[in-house]
Amino acid sequence: MRIEGLDHVYYWTANMDVAVAFYRDVLGLALLRRDGDVWAEFDTGPARFALHGREGVPAMPGGTAVFRVADLDAARLAVTDHGVRIERTGEVEGRARFAALRDPDGNPVQLIEHLPAR
């Protein structure tokens, strides 16, 4: 497995409108994309910063570091070969597939493979 780079970091938010306004209007980040109350993505250079709606997730501060890989299946095999448990896998329909895991301190990490543009 080879990590291609940091893809993005996201924070959970309970109120997407208020959070978007803070990062856009107060901090001056350019809003690249918003998908309702589920997702908002900002331009921060090579890696992006995003906000993720709670979607039933309990209130908690923090977020997740997401690392880009070329082949998610190979990456999953590589980490499980090291004894790391994959907690969840999923797909952002038509955009990407991901796998969620934790580092040795329990911090959330995701691996993401972007799908070819249709």
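The values are calculated or read from the model by the stated rules, or taken from the named source; none is laboratory data. Note that this is a predicted model, so its numbers are computed, not measured. Note that each Cβ is placed from the backbone with ideal geometry, even for glycine, and that neighbours are counted across all protein chains shown. Heavy atoms of the whole protein, side chains included, go into the accessibility calculation; ligands, DNA and RNA do not. Shrake-Rupley method; radii C 1.70, N 1.55, O 1.52, S 1.80 Å.
Structural remarks
- For region 98-111, the criterion of being out of contact with any Pro (no Cβ under 9 Å at 6 or more places or on another chain), of a type in the set (S, T, N, Q), surrounded by 15 or more Cβ atoms within 10 Å (Cβ to Cβ) and within 18 Å of His8 (Cβ to Cβ) is satisfied by at least one residue.
- For the chain, the strands (runs of 3 or more DSSP E) that sit wholly inside it and include 2 or more residues that are touching a helix residue (DSSP H, G or I) at 6+ places or on another chain (Cβ under 9 Å) are 5-13, 30-35, 39-43, 48-53, 96-102, 108-114.
- Tyr23 vs. criteria within 13 Å of Ile112 (Cβ to Cβ), without any contact (Cβ under 8 Å) to a residue 60 or more places away in the chain and either under 11 Å from the mean Cα position of the chain (by Cα) or open to solvent by less than 60 Å² (accessible area, probe 1.4 Å) (or both): no
- Filter result (open to solvent by less than 60 Å² (accessible area, probe 1.4 Å), over 20 Å from Glu4 (Cα atoms) and not small (Gly, Ala, Ser)) within region 43-83: Leu51, His52, Arg54, Val57
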